[in-house]
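The structure appears right after this line, and notes come after that.
FYI, it's all coordinate maths here, none of it is from the lab. The structure presented is a predicted model; accordingly, all values stated were derived computationally and were not measured. Positions of Cβ are backbone-derived with ideal geometry, glycine not excepted, and every protein chain shown enters the neighbour counts.
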Amino acid sequence: MTKILAITNQKGGVGKTTTSVNLAASLAVSGKRVLLVDLDPQANATMGSGTNKQTVKTTVYHVLLGDAAIQATRVTSTQGKYDLIPANRDLAGAEVEMVDFSQRETRLKSALEAIEHDYDYILIDCPPALNLLTLNGLCAAHAVMIPMQCEYYALEGLSDLVNTIKRVRTNFNPVLRIEGLLRTMFDPRSILAQQVSEQLQKHFGDKVYRTVIPRNVRLAEAPGFGLPVLYHDEQSKGAQAYLELAREILNA
């Protein structure tokens, strides 16, 4: 059965897109059929997968508006060994254009139904906002992964996101659940990071992934080459962490 995972956090700069790209590549190298959906107008997941957002002819924007079939929109990331539904800046206008659409919250869900059986995992990289695009991602998903830094403000925003997920489950998607919280950009030398990590484990228990993603130069470099870190430097701590996360998910 296909597992659809929304990767989301309304706070920017927490490693959400880094996680989407590198988890997709790590699951693919583990032999799984993977689709990555870039639902962020910044299109960083598209560029990080080695696809030029300036030259793609159809994107998730056209899918959401009903102007293109999702089958004709997907491309293969030769760098990551997974399939991709790309995005570009056009997506920023989708919210306004979808306002008067019926069932506007479930446009992505309906589109994915045509191809979901082609994949073992579908990862949705949501924008850093609790908006209609993110709502589409949450309505389409079976579960949510929340990447977060271990800092004070991350805890503040987490409660808002958890409440949003509860509302989506009540009103739109009764199967939606929190798959797990992923600690990213973790610096073990930081006392604050250790304290926040302990609070997360105390309050969320086994919902916190055992795998921790460290701060790593190779992780930061890889998008500049249009590569998942696995194909930039497989031996780096960042690459090994995402391979470990993939194993944790596969063995859950």
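Provide the net charge surrounding residue 149, with neighbours chosen by a C-beta distance below 14 Å and charges set as Lys +1, Arg +1, Asp -1, Glu -1.
+1
With only alpha-carbon atoms in the gyration tensor, what are the semi-axes of the equivalent ellipsoid for the stretch 3-250, in Å, largest first?
Equivalent ellipsoid semi-axes, largest first: 27, 22, 15 Å.
Would you tally the net charge around residue 11, using a Cβ to Cβ cut-off of less than 12 Å, leaving residue 11 out, and scoring K and R as +1, D and E as -1?
Once positives and negatives cancel, what remains is -2.
Between residue 153 and residue 69, what is 0.36 nm times their sequence separation minus the Cα-Cα distance? Round to one decimal in nm.
26.3 nm
For the stretch 145-203, what is the convex hull volume of the alpha-carbon atoms per residue, in Å³?
Cα convex hull per residue, to the nearest whole number: 72 Å³.
What are the ³J(HN,Hα) couplings of the stretch 149-164, residue after residue, when phi is run through the Karplus curve with 6.51, -1.76, 1.60 and θ = phi - 60°? Round to Hz, x for glycine and proline.
Rounded to whole hertz, the list is 7, 8, 9, 4, 5, 5, 5, 4, x, 4, 5, 5, 5, 4, 5, 4.
Which FRET efficiency value, to the nearest 0.05, do you get for residue 203 and residue 89 by plugging their Cβ-Cβ distance into 1/(1 + (r/R0)^6) with R0 = 35 Å?
0.40
Amide H neighbours of residue 143 under 5 Å, counting only residues 5+ apart in sequence or on other chains, H built in-plane at 1.01 Å?
Correct list: 4, 6, 177.
Which one of 58, 122, 209 has its Cα pushed farthest toward the positive end of the charge dipole of the chain, where Lys and Arg give +1 and Asp and Glu give -1 at the Cβ?
Of the options given, the answer is 209.
Hey, what number do you get for the chain at 222 nm if only DSSP H runs of n ≥ 4 count, each worth -39500 (n - 2.57), divided across all residues, to the nearest 500?
So the calculated ellipticity at 222 nm is -11500 deg cm²/dmol.
Counting only the backbone N, which residues of the stretch 24-66 are under 12 Å from the spot 7 Å out from the Cα of residue 118 toward its beta-carbon?
34-36
Rounding to the nearest 20 debye, state how big the charge dipole of the chain is about its Cα centre with +1 on each Lys and Arg Cβ and -1 on each Asp and Glu Cβ.
In total the dipole reaches around 380 debye.
Pairs of alpha-carbon atoms within less than 8 angstrom and 6+ residues apart define the contacts here; what relative contact order does the chain have, in percent?
The normalised contact order for the chain reaches 26 percent.
Check which residues have an amide H placed less than 5 Å from residue 149's amide H, if you skip close sequence neighbours.
184
What net charge do the residues around residue 229 carry, taking every other residue with its C-beta under 11 Å from that of residue 229, with Lys and Arg at +1 and Asp and Glu at -1?
Net charge around residue 229: -1.
Between residue 178 and residue 237, what's the calculated FRET efficiency when r is the beta-carbon distance and R0 is 25 Å? Round to 0.05.
0.45
Structure shown: which of 81/202; 81/166; 32/207; 53/109 lie over 27 Å apart, alpha-carbon to alpha-carbon?
Violating the 27 Å Cα-Cα cut-off are 81/202; 81/166.
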